[in-house]
Amino acid sequence: MTTTSDDVNQAERALFMQAPLRLVDSGYLKIQDKRGRIVTLTLNKGQRALRGTIELMQARGLPVRIYNPKARQFGGSTYAESVIYGDCSQRIGRNGYIIADDVSKGKNLYSMTRRFHRYLPEYLRYELEVSNSRELIFKDRESRIVVDSADKRDSAARSFTFQTVHVSEITRFPDPKGTLNSVLATVPDHEDTFVMVESTCKGVGDYFHQEVTRAVQGTTDWAVCFVPWWWVEEYTMRVYDRWTAPSDAREEWLLRAGCNPEQLQWRRWAIENKCAGDPRVFDEEYPDSLERAFLTSGNPVFHIEVLQKMFAEASTLGVGYHGKLVQKHKSVEVDLTARGPWQIWERPVSGHEYVIGADFSEGLGMDETFVRVFDRNARRFVAQMHTNKMDPELAGEEIVKAAYWYEQAFIVPEANAPGLAAIVKVRNDYPRRRIYRRATNLIQDKKGGKPRLMARTGEGELGWKTSSRTKKLLISGYMDAIRNHDFDEPSTSVIGQCMTYVDRGDGSLGAQQGCLDDGVIASALAILGDTVLPSPRPVRVMQDVFGSAEPFDPVHATLLDDDSW
């Protein structure tokens, strides 16, 4: 029996309908390379790693869910678009969804899909019913590909059910968690679905880092596929006679990890010629490990090397205990068996002095109210509370309870809009002498010549008032304390916020897009309180640190009237 070309074409159509990933491997998909040429899509090492991850999850009978923290331009987005196009163009009743951080990037990703279709052989190229700037609809096949952006998301997309989804640069989304949750709600939970979330990393502690960490720890069934920069074939440079032996431990590690001399030579060249001689800039754009991808971010305000050391130390301390502070008559105790907002590493120590820094939100689910307790004698943070669902007045009640429990702590609340209601509550229920009062004038520091606010405890208005000028002064003190490693930090989430707290380049300081900074402000307020108070009295009592598995007995603190001070 003679096999005709029509028979071959029909067989290929049947094959790709059954296994659309085979279309990606077929050589039929075309891309535009970095020189502007139309070439065949040939999978590189990083793309083959993604392919292997998909096949592994399918073999396990799991929905394909992949996080892809990435180096620059290794082709992860191209591969995701090819998977979506292959699935939706060759199968019936399949919907694909592409969402990027802004409209222009979404259109750029979408252009890959249109190019795949334009250059596909005619016998595989099904007729289009709709082809416009935001969707392709395949005629008589009930399949479509929709493009969207996180900054101007089309709510109509939520009415579809999607089987294949590509989420691009989630760290740049205005609301990464909310957007991804709503997208995932449109995807069925069976093994014949695909979701890939890729992004360059923006530091420890943001939503992307938290979810990747949960996946690595096995808490979720998401896979993590990280592609180091040296897997990208073009990142090489001839050595000639310029090769020198590894100059530091980092280069030695790279060679042991699989980087060859030509790739290492390119790294040296790129640091000098593309990254202004700064290895940290290179690490941000071209990470070599999953850990380093997250530990490098933007233009950080705080000393990254010290934060990395703090993060390593904090990772060994655990999460402490979670509990609830309970007021009973004229005492406060902690209930570790109840679900509460407090995270506690150490209990109060008799004779120690404590400072509480508090940054408030409106409790509407956006920013967080963040409260931190600092032990001035032990030089460490010992407790914190953070929530985005507590109104300021209730937060004020929690702060008062914590202040009494922690040896009548000195409170430094932020006095901006949401904090005013909390300050009223604190003022009415706690001795005013133990609440920070802000000065009204900037004075000159005679030693350093740097302007600073002279904070006092007995005059001026209650609370720290944040403005563009005072914010830099507040952060400056916290920055000095971090640079000098002047305290111990048990909270990896706060360290993560510090790593993503940046100089925005316009004269302002704040969190990177998609990150939070409430823990930074609360910590800085606590350090401010420690700075303005006299040095704490020495105490001979041994510190009782949470180290065993047994919870401590409740400690009672007597509530005092203002006249008692």
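Based on what the data block shows, is LEU62 under 27 Å from the mean Cα position of the chain (by Cα), in contact (Cβ under 8 Å) with a residue 24 or more places away in the chain, farther than 30 Å from GLU284 by Cα and surrounded by 11 or more Cβ atoms within 10 Å (Cβ to Cβ)? Taking the combined requirement at face value, the residue satisfies it. Looking at this structure, is ARG158 in contact with a His (Cβ under 7 Å, 6 or more places away or on another chain), of a type outside the set (Gly, Ala, Ser) and surrounded by fewer than 17 Cβ atoms within 10 Å (Cβ to Cβ)? Answer is no for this residue.
Criterion applied to ALA150, ALA215 was being buried (at least 23 other Cβ atoms within 10 Å of the Cβ) and aliphatic (A, V, I, L, M), and the one residue passing it is ALA150. Screening GLN58 on (1) of a type outside the set (A, V, I, L, M); (2) within 20 Å of PRO121 (Cβ to Cβ); (3) at pLDDT 85 or above; (4) assigned to a helix (DSSP H, G or I) shows it passes everything except condition (2). I want to confirm something. Restricting to region 146-195 and keeping residues that are part of a loop (DSSP other than H, G, I, E, B), within 17 Å of the chain's Cα centre (by Cα) and charged (D, E, K, R), which single residue is modelled with the highest pLDDT? Checking each candidate, the answer is GLU169.
With respect to GLU81, determine if the residue is among the acidic types (Asp, Glu) and either surrounded by fewer than 16 Cβ atoms within 10 Å (Cβ to Cβ) or assigned to a loop (DSSP other than H, G, I, E, B) (or both). Considered against the rule, which asks whether it is among the acidic types (Asp, Glu) and either surrounded by fewer than 16 Cβ atoms within 10 Å (Cβ to Cβ) or assigned to a loop (DSSP other than H, G, I, E, B) (or both), GLU81 comes out as no. Search region 1-52 for residues being of a type in the set (A, V, I, L, M) and not in a helix (DSSP H, G or I), and hand back the single one that is nearest to ILE92 (Cα to Cα). Among those that are of a type in the set (A, V, I, L, M) and not in a helix (DSSP H, G or I), it is ALA19.
Each residue in region 65-77 was checked for being part of a loop (DSSP other than H, G, I, E, B) and surrounded by 16 or more Cβ atoms within 10 Å (Cβ to Cβ), and 3 pass. Please specify each residue of region 121-144 satisfying the condition of being touching a Gly at 6+ places or on another chain (Cβ under 8 Å), outside any strand (DSSP E or B) and crowded, with 17+ Cβ neighbours inside 10 Å. Once the filter is applied, which keeps residues that are touching a Gly at 6+ places or on another chain (Cβ under 8 Å), outside any strand (DSSP E or B) and crowded, with 17+ Cβ neighbours inside 10 Å, region 121-144 yields only ARG141.
Applying the criterion of at least 1 residues that are of a type in the set (S, T, N, Q) to the helices (runs of 4 or more DSSP H) found wholly in region 243-302 leaves 261-273. Restricting to region 276-318, and then to whatever is farther than 20 Å from ASP248 by Cα and of a type in the set (D, E, K, R), can you tell me which residue is nearest to the chain's Cα centre (by Cα)? Among residues in region 276-318 that are farther than 20 Å from ASP248 by Cα and of a type in the set (D, E, K, R), the one nearest to the chain's Cα centre (by Cα) is GLU285.
Condition (residue is of a type outside the set (Lys, Arg), in the same structural domain as GLU211 (by TED's automatic domain parsing), in contact with a Cys (Cβ under 8 Å, 6 or more places away or on another chain) and within 26 Å of ALA14 (Cβ to Cβ)) applied to region 54-75: is it met by at least one residue? So far as region 54-75 goes, no, none of its residues is of a type outside the set (Lys, Arg), in the same structural domain as GLU211 (by TED's automatic domain parsing), in contact with a Cys (Cβ under 8 Å, 6 or more places away or on another chain) and within 26 Å of ALA14 (Cβ to Cβ). Screening TYR501, TYR478 for residues that are aromatic (Phe, Trp, Tyr) and either more than 24 Å from SER199 (Cβ to Cβ) or more than 14 Å from the chain's Cα centre (by Cα) (or both) leaves exactly one candidate, TYR478. For region 85-94, check the following and say yes or no: at least one residue is part of a helix (DSSP H, G or I) and within 23 Å of TRP230 (Cα to Cα). Scanning region 85-94, I find no residue that is part of a helix (DSSP H, G or I) and within 23 Å of TRP230 (Cα to Cα), so the answer is no.
The values are calculated or read from the model by the stated rules, or taken from the named source; none is laboratory data. If you're wondering where the values come from, they're calculated on a predicted model, not measured in any experiment. Glycine also receives a Cβ, built like all others from the backbone with ideal geometry; neighbour counts cover every protein chain displayed.
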